[in-house]
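Structure first, commentary second.
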Amino acid sequence: MATEKIDEEWKNIQEDFQKLEKLHEEYIQKSRLVSKCQETVGKAMKHHNYLLKNMKEAFKQTTLAAEKMTDEAERERVLERVKKVKDDVAGVNLRMKDMQGELPAQTNGFYLNLILGSNLNVSLLTKSEKFKYKQEYEGFKWNITIVICVLAVVSWVWPFRVLDSILCFLMVWYYCTLTIRESVLRVNGSKIKGWWLSHHYLSCAVPGIVLTWKDGVCYQEFRPLFLVFVFYISLVQLAQNQYQSGCLRRLHALGQGHQMDITVEGFTSWQFKGLTFLLPFLSVGYLFQLFLAFKLYGFTYTETCDGLWQVWALAALLGLIAGGNIVTTSMVCLRKLKTTPSYTNIVAMTRKYSSRNKMSQSSEQDQKFRGAPPAPTSKLHIH
């Protein structure tokens, strides 16, 4: 028959489709089972956190009771037991954090809820998925930073406003995308926080304001400085990304780093382990940024820039970003300096000799006071 071939193929398709339906039904059942298990584990973790919270109060009460004991041996035994249980609880808390990271996040945060909606779950449940997303984030930063660097050179060689607009638009899109990706990384366990998180939100506005700045004498005076700054910062960020990635891999292999740690544009405490040579280049970039802020502030008093809100807005924004970068980096360096053994030894020696000096001064004053003749007493004259 002419239709034998078609009938045979259709029969195979029907049999294969029946198998596919069974597999799909099994998948749906297991997915629902996984969702129920996630809810059950989530409730169990909340209950366990409640028990751990009560344990803190028990520690406090037991410690207060031990301090009131008159028996020295019994007090030491109780305090030692409290210390041991606290160490065990700390281990449980660390394990709880790992378990929490393998469950869907309770919330995506205000920023992601505002952009993506509150019903979208961005949690990545396996460590391999999280690591792949982090690697994709690092690759995105590396590739787009190279494009920005090249566009800055092209805009310098061919001074057309359309090229400047393309560069600024790319930077706005880049920093906005970074904020979204970093928010997803934070939901999945990344520890980026503080100023370096806010830094990208503020950086979105800088090229956006430059994009709205109309061409003229004032813009042309600022343009070369801005292009040089963008090119220099892009080169520094490329160097940071390259060396930080290697440092993070080394720290993770040694068990001293977290799997979701990412590269940052600034300087953090873990970078003291082999990346201090980047600090001078970062400092130059921050000072250059501060110089741009002062330069723009000076433009506000010139006739060519009169009435342009972009000038004072950029001056305030660049000054804020530069100040935040300098203060945050300085605090990291000071905190690291205070934890070094040399600084501890210097402080100890300073206190030691300072106390000796005070003791010698007080002893000299006592000797002078003892060796001095008694003060003359006033006589009472009765007339």
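Annotations for the structure displayed:
- Exactly one residue out of 145, 107 is under 22 Å from the mean Cα position of the chain (by Cα) and surrounded by 14 or more Cβ atoms within 10 Å (Cβ to Cβ): that is 145.
- Members of the stretch 64-77 found to be at pLDDT below 85, surrounded by 13 or more Cβ atoms within 10 Å (Cβ to Cβ) and not small (Gly, Ala, Ser), listed by number: 69, 75
- Residue in the stretch 132-143 that is under 30 Å from residue 218 (Cα atoms) and hydroxyl-bearing (Ser, Thr, Tyr) present: no
- When 46, 86, 30 are checked against the criterion of being basic (Lys, Arg), in contact (Cβ under 8 Å) with a residue 12 or more places away in the chain, out of contact with any Lys or Arg (no Cβ under 6 Å at 6 or more places or on another chain) and surrounded by 10 or more Cβ atoms within 10 Å (Cβ to Cβ), a single residue qualifies: 86.
- Selection within the stretch 190-220 - charged (D, E, K, R) and either under 27 Å from the mean Cα position of the chain (by Cα) or surrounded by 15 or more Cβ atoms within 10 Å (Cβ to Cβ) (or both): 191, 193
- The stretch 320-337 residues that are in contact (Cβ under 8 Å) with a residue 24 or more places away in the chain, paired with ones that are acidic (Asp, Glu) (beta carbon under 9 Å, 6 or more apart): 325/265
- Among the residues making up the stretch 192-209, a single one is without any contact (Cβ under 8 Å) to a residue 24 or more places away in the chain and among the aliphatic types (A, V, I, L, M): 197.
- Of all residues in the stretch 53-102, those satisfying the criterion of being under 20 Å from residue 189 (Cβ atoms), touching a helix residue (DSSP H, G or I) at 6+ places or on another chain (Cβ under 9 Å) and of a type in the set (A, V, I, L, M) are 92, 96, 99.
- Residue, nearest to the chain's Cα centre (by Cα), within the stretch 148-157, restricted to residues that are surrounded by fewer than 18 Cβ atoms within 10 Å (Cβ to Cβ) and free of Cβ contacts under 8 Å to residues at least 60 places away in the same chain: 150
- Here the condition is being under 17 Å from residue 201 (Cα atoms) and in the same structural domain as residue 228 (by TED's automatic domain parsing); of 151, 178, it holds for 178 alone.
- Candidates 226, 169 - the one that is of a type in the set (A, V, I, L, M, F, W, C), closer than 18 Å to residue 293 by Cα and in a helix (DSSP H, G or I): 226
The values are calculated or read from the model by the stated rules, or taken from the named source; none is laboratory data. Note that the coordinates shown come from a computational prediction; the quantities given were computed from them, not determined experimentally. Quick reminder, even Gly has a Cβ in these numbers, built from the backbone with ideal geometry, and neighbours come from all protein chains shown.
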